[in-house]
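Asks: Right, I'll just put the structure down here and ask away after.
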Amino acid sequence: MKLQISSRLAIFALLQLAAEPDRQLSVAGIGEKYGISSHHLAKVMHVLARAGLVRSVRGAHGGHQFCGNARRTTLLDVIELYENIGADVFPSVGDRTSEGRALREVLGEIDDIARATLGSITIATMLKLVERRRASGRRT
Amino acid sequence: MKASTAEAVTCALSVRRAAKTDIPQVIALDERVTGLAKSAYWHDAFERFGQRGLHERFFLVAEAAEAEPGPRMLGFIVGEVRVWEFGSEPCGWVLALSVEPRARLHGIGQALFAAISSEFKQAGVGKMRTMVARDNRLHLLFFRSEGMMAGPYIQLEKEID
Ligand SMILES: CC(C)(COP(=O)(O)OP(=O)(O)OC[C@H]1O[C@@H](n2cnc3c(N)ncnc32)[C@H](O)[C@@H]1OP(=O)(O)O)[C@@H](O)C(=O)NCCC(=O)NCCS
């Protein structure tokens, strides 16, 4: 499955900020790690701020700081700020045929699994996963 | 059960093997959580997982210290080691897990999970598995937070014609 770039950036930014909730990071600082323009990331951060997941801190050492609940915010909560996952509500070609309905049923299975997966993984769980990947990277 | 497992507790909680006298409380807790009383099912489950093949079958309960107010049995977990089903290597299956609604988010689920993990390990298996209803958000959030990922099997079903 593929996520839109804004959703990916939002998840990366949140992971970086939630890993050090006391620290403020600038958009440029976050963008550098993933090779993204500050312009695009600033728009992404604006949406996260509106959702109450980050706040911007002014001043010389200003930047963004995590202010959400990492243990209760799921990947699905974040992604849905930017896109609809599996919400294929628009009519599509062949929908009314038996073939179209059968195909919709199969694709619906995949959507349900995707939503259940993304809705069950919190930012805190992701941070544990990142740590495990880091540790296994160190071992190899 | 060994002391190491019983020590997988918070200070006011202990995890131990279920006794026959716990089953009415298991039934009551399960009924509070699912809305269905399944008396025969739990008595049968106790016979299978709490009385036979105890080296690879585990029916554990979490119990509050005596001084704590309210019901003492705060949760249970059931599991067993299964071998070679559909070619799978020996694996510890978690078949049921439930925590008293009023006592949730205090680490009881985690203590039960840690206890059964260490039982599985002592039984010689290095992997554990479970099956969760797609719409059971609490179970999914919990097992994910314990580090469980999707396994290599897909569960399929059909209405029998
Ligand atoms: C799933 C369940 C066993 C968890 O038990 P618990 O004692 O509350 O779990 P813990 O306190 O050990 O929580 C461990 C972690 O699980 C996750 N978790 C548990 N409940 C959560 C919730 N409501 N929201 C988000 N994450 C949650 C968290 O990551 C939590 O860690 P944290 O508190 O540090 O964030 C319990 O909610 C339950 O019994 N649910 C109903 C199960 C059911 O339907 N049973 C019937 C069929 S057998």
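Asks: Give the average, rounded to an integer, of partner chain Cβ atoms located within 10 angstrom of each Cβ in A:120-128.
Replies: Mean number of neighbouring Cβ atoms from other chains: 4.
Asks: To continue, here is another question. Could you pull out the longest piece of chain B with no exposed loop chymotrypsin sites (Phe, Trp or Tyr not before Pro) in it, calling a site exposed if DSSP puts it outside H, G, I, E, B and it has at most 12 other Cβ atoms within 10 Å?
Replies: It runs B:1-83.
Asks: Rank-order A:91-98, A:119-126, B:100-107, A:63-70 by packing density, defined as the average count of other C-beta atoms within 10 Å over each peptide's residues, highest first.
Replies: A:119-126, A:63-70, B:100-107, A:91-98
Asks: Another question, then. Take peptide A:105-114, look around each residue's Cβ out to 10 angstrom, count Cβ atoms belonging to other protein chains, and average those counts.
Replies: That works out to 1 on average.
Asks: Here's a follow-up. Determine, for the protein assembly as shown, the count of lysine pairs separated by eight or more sequence positions (or lying on different chains) whose alpha-carbon distance falls under 22 Å.
Replies: Total qualifying Lys-Lys pairs in the protein assembly as shown comes to 10.
Asks: Please list the non-local residues whose amide H lies under 5 Å from the amide H of residue B:75, H modeled 1.01 Å from N, same-chain partners needing a gap of 5 or more.
Replies: Residues meeting the amide H criterion: B:62, B:100.
Asks: Quick one: which residues, 5+ away or cross-chain, put their amide H under 5 Å from the amide H of residue B:146? H built at 1.01 Å from N.
Replies: Those qualifying (amide H under 5 Å, at least 5 residues apart or on another chain) number zero.
Asks: Now a separate question. What order do you get for A:102-112, A:14-24, B:124-134 when each peptide is scored by the mean count of other beta carbon atoms within 10 Å, highest first?
Replies: Taking the mean over residues of other Cβ atoms within 10 Å, the ranking is A:14-24, B:124-134, A:102-112.
Asks: Calculate one ³J(HN,Hα) per residue across region A:129-139 by plugging θ = phi - 60° into the Karplus curve 6.51 cos²θ - 1.76 cosθ + 1.60, and present them in order as whole Hz with x for glycine and proline.
Replies: Once rounded to whole Hz, the list reads 5, 4, 4, 5, 4, 4, 5, 6, x, 5, 6.
Asks: Can you give the average number of partner chain beta-carbon atoms within 10 Å of each beta-carbon in peptide A:62-74, as a whole number?
Replies: 1
Asks: Then there's this: Using only alpha carbon pairs under 8 Å that are at least six residues apart, calculate the relative contact order of chain B and give it in whole percent.
Replies: Value for chain B: 21 percent.
Asks: Positive end of the dipole of the protein assembly as shown, charges at C-beta (+1 Lys, Arg; -1 Asp, Glu), about the Cα centre: which of A:53, B:131, A:31 has its Cα farthest in that direction?
Replies: The Cα lying farthest towards the positive end belongs to A:31.
The numbers here are math on the coordinates, done by the rules we state, and not lab data. From a predicted model like this one, the values you see are computed outputs, not experimental measurements. Cβ sites come from the backbone with ideal geometry, for glycine too, and all protein chains shown count toward neighbours.
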